[in-house]
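**Q** Below you'll find the structure I mean.
The values are calculated or read from the model by the stated rules, or taken from the named source; none is laboratory data. Just so it is clear, the structure is predicted and the values come from calculations on it, not from any experiment. FYI the Cβ positions are ideal-geometry reconstructions off the backbone, even for glycines, and counts take in every protein chain you see. SASA here: full protein model, heavy atoms, side chains in, ligands and nucleic acids out. Shrake-Rupley method; radii C 1.70, N 1.55, O 1.52, S 1.80 Å.
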There are 2 protein chains.
Amino acid sequence: MAKRSDTQGRLDDAARAGWLYYVAGRTQDEIAAAMSISRQSAQRLVSLAVAERLIKVRLDHPIAACLELAEALRKKYGLRHAEVVPSDPAGSSSTVGIAEAAAAEIERWLKRPDPIIIAIGTGRTLKAAVDQLPPMECLQHRIVSLTGNIGPDGSAAFYNVIFSMADAIKARHFPMPLPVLCSSAEERETLHDQALVRSTLQLGAQADVTFVGIGELGVDGPLCVDGFLGREEMLTLVKNGAAGEICGWVYDRQGQLLGNSINDRVASVPIPSREKSSVIGIALGKKKLAAISGALKGKIINGIITDEATAEQLLSG
Amino acid sequence: MAKRSDTQGRLDDAARAGWLYYVAGRTQDEIAAAMSISRQSAQRLVSLAVAERLIKVRLDHPIAACLELAEALRKKYGLRHAEVVPSDPAGSSSTVGIAEAAAAEIERWLKRPDPIIIAIGTGRTLKAAVDQLPPMECLQHRIVSLTGNIGPDGSAAFYNVIFSMADAIKARHFPMPLPVLCSSAEERETLHDQALVRSTLQLGAQADVTFVGIGELGVDGPLCVDGFLGREEMLTLVKNGAAGEICGWVYDRQGQLLGNSINDRVASVPIPSREKSSVIGIALGKKKLAAISGALKGKIINGIITDEATAEQLLSG
DNA sequence: TTTGCTCATGGGCAATTACTCACCAGAGGA
DNA sequence: TCCTCTGGTGAGTAATTGCCCATGAGCAAA
């Protein structure tokens, strides 16, 4: 019984010490003097107060909610990187805030002094992010595009992001001199066998970090809007369970690549290893929810940059 | 990337750093790495977060000694509410600790779902408490100031607390468009007869809970320091037995309002009924002892938030 | 354009804090 | 009674943090 009351008294002391430390801002030495104990004991009491959750810290800032969501996402999906930006309340645009955040993240990688390989996917959101990049000189790095740069009509694909990136960033960049979709698996094989293409493919496979957009499916999704797929093909895909697309690779709600689909004809570099490198998806919005969720569940990506509203839906789902 | 010079962005970063440090428990080195800044910058952001009061620390523990004192106070003076916080041993500041405790109590009232009327007095201690409040949405409540918001020189009275409160709390708030002291009893009557003022007076009278500071008298007391009373007037008051003031209402050591004094000219709302509502005084310190004691003895207040040392003196006296 | 001011930065260093180790005291069981 | 286990203590040491200073960028006034 002495033990019980001692424990109680110790918690009181812990509370007192914690109060003096955190609220009154005194040092542990001063607390030790005030309570007539050794400095080490004061330190123990303070850390006990923390461990017993007597001390509650709160952060009054809109960012706090975002950071908590990011932490939750990281935990739920085992991510290497998660970033949540505040939702634009009036937000209809799919790039508000997220583009800046993604640009900041890209910039962090570009600032590294050691040479790395950065792979870049495609998509409007990613393009908006890249457009936010300030001019930089990064001759130590190599930047490689995961997707072909030739559109369905033979012109340059507009949302091939690597050219926008090359405008701002001085680095060696490697576009893919291929269409986005081949007409058949055989054609893809032939094309991929070219020396130039092969080295680019190899480069992509070695990427240290990859940034990709995430496309939703449906007749309003980017694959259709940009003319890579016809309306009928798309409807068939959706009927077969397709939920989203990254660099043209189509997957279902669990993030499993579809086998009997256009995936045989996608000319893109396979998405780099999520074991050995960071693959960061950049997307937000209700329309993309299934696509983002699938990519996370199937571990097609191991990093995400999104907004508050989307993060909440991802966590509740 | 956004310009680093903009204040908003810097505060966001400070919030991020503060969150990572206090909530996630990372070291400043880790934060620096995560945010791609130097460790020193991370440290600056963390201390900025503290300086900007983005970080709020609260101690959640009923400390035995304080509880005992609180219980004794409650019994001795028949109080509805008594709260005692640990004294800062080296404490010179009159707001350390007590402000947090008072803020917690105010927050408890604000969190009530049923609509209530909260009346707010004045004073430095009370202002410090209100400054600790986190942003809240409480549209169901009404907050009314007991004192005028026009200072002796015609400017806005700085320690009129309701405006600070309005910054953090989203609720209907009703300041008093009056001076603190009128030049005569007649002027007061005229002013109080205005329709707008009358409705505010009425609102104040209906308050469910009232928070007031307690001011000591003397030439160093707030009435003099803030220029509401001249030195001579004050000395006369003290000679006549004045011991303290709440919202400008001056009372003696037994808590009886003085009849022949400035009380005829105080424009404040009468202190709400202690029979039907809670009137909580917030004060500590040896200088205020007579003022606090008088307010308790005369039942001008029926609740007190103070510190350990003051509580002990109140009980021994 | 120059000048002067403000403010963020990074380095270095001293103060402060956290952790590990060895030891001790009391409770409870064999 | 003795042993062991739990939980606390102080010392020493490594890690972390706070502060000062010189520097340089951005900006407004001259």
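**Q** Might you check whether a residue that is in the same structural domain as A:R80 (by TED's automatic domain parsing), under 15 Å from A:G121 (Cα atoms) and open to solvent by 50 Å² or more (accessible area, probe 1.4 Å) occurs anywhere in region A:279-293?
**A** no
**Q** Just one of (1) open to solvent by 20 Å² or more (accessible area, probe 1.4 Å); (2) in contact with a Phe, Trp or Tyr (Cβ under 7 Å, 6 or more places away or on another chain) trips up B:S41, so point out which.
**A** So B:S41 meets the others, but not (2).
**Q** Whether any residue in region A:144-158 is more than 22 Å from A:C224 (Cα to Cα), touching a Phe, Trp or Tyr at 6+ places or on another chain (Cβ under 8 Å) and modelled with pLDDT of 90 or more is what I want to check. Before you say what the answer is, go through the steps one by one.
**A** Keep residues of region A:144-158 that are more than 22 Å from A:C224 (Cα to Cα), which gives A:144.
In the following step, the residues that additionally are touching a Phe, Trp or Tyr at 6+ places or on another chain (Cβ under 8 Å) were identified as A:144.
Narrowing further to those that are modelled with pLDDT of 90 or more: A:144.
Yes, that holds for at least one residue.
**Q** Right, here's the next one. Looking at this structure, is B:L67 away from DNA strand C (no atom under 16 Å from the Cβ), of a type outside the set (D, E, K, R) and out of contact with any helix residue (DSSP H, G or I) (no Cβ under 9 Å at 6 or more places or on another chain)? Lay out the reasoning, then the answer.
**A** Working: away from DNA strand C (no atom under 16 Å from the Cβ): yes; of a type outside the set (D, E, K, R): yes; out of contact with any helix residue (DSSP H, G or I) (no Cβ under 9 Å at 6 or more places or on another chain): yes.
So B:L67 passes the test.
**Q** Pick from region B:128-144 the residues that are surrounded by fewer than 20 Cβ atoms within 10 Å (Cβ to Cβ) and away from chain A (no Cβ under 14 Å): which of them is nearest to the chain's Cα centre (by Cα)?
**A** Among residues in region B:128-144 that are surrounded by fewer than 20 Cβ atoms within 10 Å (Cβ to Cβ) and away from chain A (no Cβ under 14 Å), the one nearest to the chain's Cα centre (by Cα) is B:R142.
**Q** Taking region B:169-219, which residues are exposed (fewer than 15 other Cβ atoms within 10 Å of the Cβ), hydroxyl-bearing (S, T, Y) and in a helix (DSSP H, G or I)?
**A** Matches in region B:169-219: B:T190, B:S199.
**Q** Assuming A:S47 fulfils every condition listed in (1) in a helix (DSSP H, G or I); (2) modelled with pLDDT of 85 or more; (3) within 11 Å of DNA strand D (Cβ to nearest atom) apart from one, which condition is it?
**A** Single failed check for A:S47: (3).
**Q** Looking at A:P272 and the list (1) closer than 23 Å to A:P175 by Cβ; (2) open to solvent by 20 Å² or more (accessible area, probe 1.4 Å); (3) of a type outside the set (V, I, T), which single condition is not satisfied?
**A** Of everything listed in (1) closer than 23 Å to A:P175 by Cβ; (2) open to solvent by 20 Å² or more (accessible area, probe 1.4 Å); (3) of a type outside the set (V, I, T), A:P272 misses just condition (2).
**Q** Among the listed residues A:E83, A:E107, A:E100, identify the single one that is under 30 Å from A:I214 (Cβ atoms), away from DNA strand D (no atom under 14 Å from the Cβ), among the charged types (D, E, K, R) and at pLDDT 90 or above.
**A** A:E83
**Q** Could you tell me whether B:R39 is out of contact with any helix residue (DSSP H, G or I) (no Cβ under 6 Å at 6 or more places or on another chain), among the basic types (K, R) and within 16 Å of DNA strand D (Cβ to nearest atom)?
**A** No, not satisfied.
**Q** Six or more apart or on different chains, Cβ atoms under 9 Å: show the pairs whose first residue is in region A:1-23 and more than 8 Å from chain B (Cβ to nearest Cβ) and at pLDDT below 80 and whose second is open to solvent by 30 Å² or more (accessible area, probe 1.4 Å) and within 12 Å of DNA strand D (Cβ to nearest atom).
**A** So the pair list comes out as A:R10/A:L48.
**Q** Within 30 Å of B:A168 (Cβ to Cβ), open to solvent by less than 50 Å² (accessible area, probe 1.4 Å), of a type in the set (S, T, Y) and touching a residue at least 24 places away in the same chain (Cβ under 8 Å) - does that describe any residue in region A:89-109?
**A** no
**Q** Let me ask something else about it. Quick one: is A:R53 at pLDDT below 85, surrounded by fewer than 19 Cβ atoms within 10 Å (Cβ to Cβ) and within 11 Å of chain B (Cβ to nearest Cβ)?
**A** yes
**Q** When region A:226-241 is examined, which residues are found to be touching a residue at least 60 places away in the same chain (Cβ under 8 Å) and either exposed (fewer than 14 other Cβ atoms within 10 Å of the Cβ) or more than 26 Å from A:S155 (Cβ to Cβ) (or both)?
**A** A:G227
**Q** Something else about it: Within region B:24-44, work out how many residues are within 11 Å of chain A (Cβ to nearest Cβ) and either part of a helix (DSSP H, G or I) or more than 13 Å from DNA strand C (Cβ to nearest atom) (or both).
**A** Qualifying residue count, region B:24-44: 4.
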